[in-house]
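Engineer: Mind looking over this structure? Questions follow.
Just so it is clear, none of the values below were taken in a lab; they were calculated from the coordinates. The shown structure was predicted, so the numbers you read here are calculated from the model rather than taken from an experiment. Because the Cβ atoms are built from the backbone with ideal geometry, glycine has one as well, and the counts that use them run over all protein chains shown.
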Amino acid sequence: MKKSALICLIWIIITGITTQAQNWTRQNPSPTFQHLFGISFPSADTGYICGENSMVLRTFDGGTTWEELNFPFKGRQLQDINFIDNHRGYVPVGWAVCYTTDAGETWSHSTVPHGNASYYKTSFLDDSTMFVFGYDGSLAKSSDQGISWELLYQAPGEGEKFNNVQFANHLTGYIAGETISIYRTPVFRRTNDGGITWEDIALPPEIKMVADVSVISAEEIWIGARNYVGGKSRLYHSIDGGLTWDIKIAGNSNGDQGIIKMKFFNALEGFALNWMNLYKTVDGGESWTAHYLYEHINFDPMLNNFSCPNQNTVYFCSYHPYLLKTSDGGDSYQNLMTGSTDYLLNIYFRDSIHGITFRDYPAATGAVLYTENGGETWQEATVHNNSGTVYLLNDVAFTDDMNGWMTAQRPTLFRTYDGGINWHEFPTNFQNFFLKISTPDPDHIFACTAYSGIVVKSTDDGNTWQDISTGYAASETMDHFMFTDSLTGYIVYYIPAEKKYKLLKTSNGGASWQEVNYGSSRKILSLSFANNLSGLMSLSNNTVLVTHDGGATWTQSHLPKPDYITYVKMFSPTTGMANRNGDVIMVTHDGGLNFYNVFTGSTGFPVLNHSFFVNENLGWACGQGGMIMRYDCLDTGISPPTGNPVSTAKSDFFFPNPSNDRIHLRNVSFDQLSIINQQGKVVYSTQNEGNNEIDISGLTCGIYVVSILNKTGRHQQKLVKL
């Protein structure tokens, strides 16, 4: 009886719920793909990081797990985060300072007197007194925990940047910074009256900027200069308030940067940081232990900030992003990022499960990653070639589930016979780097080179190749190249001499090419054809064009509003989609004449990103910072002009429901079946292999949506798993 009552209660609850799963979910890396700028650990276990696109993350377990906080100002580049204890912290946002007293659950903000100033860093004197500073030489003070502010100091000159402000007491403090001009000069000043007046302090001549200051007492100070001298990272120590300086060599710089951050716990113990090294002293700077991080983690982290809650624990962050930790004073390190953070150049899925992406390396080499579970996990493929080096990879195309082709920055192609797990070098007898590849059927392979304008084809499984170039050998080949069948193909060129873009078409397998007039010379941002007649293109003038006669005529699509569309995809002569960097996704079901919004929101994707959609409801994006995002849209809640392509089935298409082990489909034909949890994540997906029994025993108890895609559209039904 209790079980039956529970089932009834569940159904009562969910009958009033409209199921919507339309969003981007991050698949790689964790915890973020955004550049990291600020880091603050008030204790060894509790910490916060901030970065691009108003991202603020929190951990309570020393960086093992992170959760993103809801920051009130959107689209900001957050440079600094500063917590005085585990719960109270501050983030400056230019003209205001956001603050929280409940570990980031809620935020308030206070306005700072600014004029033309831009505040981006904070520092504390005590529990109540704090300072905010940044560009344009402005310094403001709060004596009530950041609730109100007064402009304390305005530098007499223009173009000054304050990197840190530290006070020893309520009277004596120091400003560290630089002038922002072609010829940078250091800024270092002292006040003895609480910041009302400041005097410049003379510095050693080799210092070009003062990156940081650490105040031990009113007279004992340390400064770090971002520039290095003679390949060494130098610190400068004074025990007389800056009248004289003692130079301390921390160690080799291992790069072109000197000291960027410092932290002294007392007169003897402290840390210093440059891009690749952590330096530690326990004797007041007389000697330093240098830790070159590359030797510990096998990559150059290019660090830009750190936080030291105690003498043994240090957390590091960087732009890439990288997130590191040491718990033993620098003897060993833990990488707190999971997944690749290298730039991912392209992404391709041949179905809802199997995908390929290309990882970029700084040294002009790359790697292939593949997934067999819809992007939940990725593995590095093996690339077999003579040189042993995998060059930058550009494009991939599959002829069937097992056989595929790939281009790289070299005159050979790469081929897979096992679905992308292994790739083998495949010669073509051409000497130019290949850029794009298209395989409209197993018997025809087309490829184009990067800059020489060469187009080649093979009709015998790649054994021989024929030059079918367009005649624009001196022009630059762009990213748009595709063949819809063995005869019909399209390619986009930019003609430098004419300063215009051209779309060329062949209808005879490349024997001849003709220019297609699309009514503009604007840059073609994206191009996609469903067959040899129906296609979409987006232009740099915020328009989308559609053709249904192979490009002979083009019609401007009606968008909800003009938009800079970075990706279009034509799935069929009636169905297509348009995407603006993931922030706006539109769908058409009338052949491209009208689009309607199915998703809008600030995704925070990096500027360099790439999209791929297998249908209008399922897609992926990749880009800088190792970003891989998955898009699922099962029910938009918006009816298109000609009917809703996504509907809830009028009758149950599976039984039993609820179920604890298996469900059975009621003679429903489908191309793809997915099961989605309440967070919008696909937890099960399969294609139709003639089996109408679905095993759900591995799912945890809860409410799901079963979604099927067939010729009539996408249908969905709620499922209760017991």
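Engineer: Please order THR700, THR281, THR185 by the number of other Cβ within 10 Å, starting at the fewest.
Structural biologist: If I rank by nearby Cβ atoms, fewest first, I get THR700, THR185, THR281.
Engineer: What dipole magnitude, in Debye to the nearest 20, does region 299-433 give about its Cα centre under +1 on Lys/Arg Cβ and -1 on Asp/Glu Cβ?
Structural biologist: Values: 5 positive and 14 negative charges, 59 e Å.
So the magnitude is around 280 debye.
Engineer: Still on this model: Under 22 Å from the Cα of LYS721, which lysines turn up, not counting those fewer than eight places away in the same chain?
Structural biologist: List returned: LYS2, LYS3, LYS650, LYS681.
Engineer: Which lysines does LYS208 reach when only Cα atoms under 28 Å apart count, and residues fewer than 8 places away in its own chain are ignored?
Structural biologist: LYS121, LYS141, LYS161, LYS232, LYS248, LYS261, LYS263, LYS280
Engineer: For region 443-591, what's the relative contact order in percent, using C-alpha pairs closer than 8 Å and at least 6 residues apart?
Structural biologist: Reported as a whole number, the value is 13 percent.
Engineer: Considering region 513-596, what Rg and Dmax in Å follow from its alpha-carbon atoms?
Structural biologist: For region 513-596, the Cα-based Rg and Dmax read 11.5, 36 Å.
Engineer: Just to verify a number: FRET efficiency for LYS561 and GLU286, C-beta to C-beta distance, R0 = 60 Å, to 0.05?
Structural biologist: After rounding, the FRET efficiency stands at 0.35.
Engineer: About the Cα centre of region 127-246, how large is the charge dipole given +1 on each Lys and Arg Cβ and -1 on each Asp and Glu Cβ? Please answer in debye to the nearest 20.
Structural biologist: Working: 9 positive and 16 negative charges, 97 e Å.
Roughly 460 debye, rounded to the nearest 20.
Engineer: Next question. Quick one: order TYR279, TYR704 by neighbouring beta-carbon count within 10 Å, fewest to most.
Structural biologist: Lowest to highest Cβ neighbour count: TYR704, TYR279.
Engineer: For region 247-365, how big is Rg over Rh, using alpha carbon atoms and the Kirkwood form of Rh? Write down the numbers at each step before the final one.
Structural biologist: Working: Rg = 17.5 Å, Rh = 15.9 Å.
Reported Rg/Rh, Kirkwood definition of Rh: 1.10.
Engineer: Right, something else. Just want the ordering: PHE306, PHE426, from fewest to most Cβ atoms lying within 10 Å of their own Cβ.
Structural biologist: Ordered from fewest to most neighbouring Cβ atoms within 10 Å, PHE306, PHE426 come out as PHE426, PHE306.
Engineer: Mind checking which lysines have their C-alpha under 27 Å from LYS505, skipping anything on the same chain fewer than 8 residues away?
Structural biologist: LYS436, LYS457, LYS523, LYS569
Engineer: Separate question: Put +1 on the Cβ of every Lys and Arg and -1 on every Asp and Glu Cβ in the chain; which of PHE188, MET209, THR449 then has its Cα farthest towards the positive end of the dipole?
Structural biologist: THR449
Engineer: Could you work out Rg/(2.2 N^0.38 Å) for region 144-205, with Rg from alpha carbons only?
Structural biologist: Details: Rg = 12.7 Å, N = 62, 2.2 N^0.38 = 10.6 Å.
That ratio works out to 1.20.
Engineer: Related question: To one decimal place, what orientation-averaged projected area in nm² is obtained for the convex hull of the Cα set of region 295-389?
Structural biologist: Taking the Cα atoms of region 295-389, their convex hull projects to 7.9 nm² on average.
Engineer: Something else: Show me 595-607, 438-450 ranked by packing, highest mean number of other Cβ atoms within 10 Å first.
Structural biologist: The most tightly packed comes first, giving 438-450, 595-607.
Engineer: What does the extension gain come out to for ARG522 and ASP695, with contour length at 0.36 nm per residue minus their alpha carbon separation?
Structural biologist: 57.1 nm
Engineer: Let me ask something else about it. For the chain, build the charge dipole from Cβ charges (+1 Lys, Arg; -1 Asp, Glu) around the Cα centre, then report which of GLY285, PHE655, SER123 sits farthest towards its positive end.
Structural biologist: PHE655
Engineer: A further question on this structure: Expected output is a single nm value to one decimal: the length gained when fully extending between ASP443 and ASP400, i.e. 0.36 nm times separation in residues minus the C-alpha distance. What is it?
Structural biologist: 14.4 nm
Engineer: For the chain, with only Lys/Arg (+1) and Asp/Glu (-1) charged at the beta-carbon, what is the dipole magnitude about the Cα centre, in debye rounded to 20? Intermediate values should be presented prior to the final figure.
Structural biologist: Working: 46 positive and 68 negative charges, 297 e Å.
Result for the chain is approximately 1420 debye, rounded to the nearest 20.
Engineer: Report the Stokes-Einstein translational diffusion coefficient (µm² s⁻¹, integer) for the chain, Rh taken as the Kirkwood radius over Cα pairs, at 10 °C with viscosity 1.306 mPa s.
Structural biologist: Using the Kirkwood radius from Cα pairs, D works out to 55 µm²/s.
Engineer: Counting Lys and Arg as +1 and Asp and Glu as -1, what is the net charge of the other residues whose Cβ lies under 15 Å from the Cβ of PRO442? Mind showing how you got there, number by number?
Structural biologist: On the way: positive: ARG350, ARG415, LYS457; negative: ASP400, ASP401, ASP441, ASP443, ASP460, ASP461, ASP485.
Taking every Cβ under 15 Å from that of PRO442, the sum is -4.
Engineer: Compute log10 of I(q)/I(0) for region 51-197 with the Debye formula, placing one identical point scatterer on every Cα and leaving out solvent, at q = 0.12 Å⁻¹, to two decimals.
Structural biologist: -0.50
Engineer: Cα axis of helix 2-15 to longest principal axis of the chain: angle in degrees, 0 to 90, nearest 10?
Structural biologist: 90
Engineer: In the chain, with Lys and Arg counted as +1 and Asp and Glu as -1 at Cβ, which of these residues, SER512, GLY592, ASN227, has the Cα nearest the positive end of the dipole, that is, farthest along it?
Structural biologist: Positive-most Cα among the choices belongs to GLY592.
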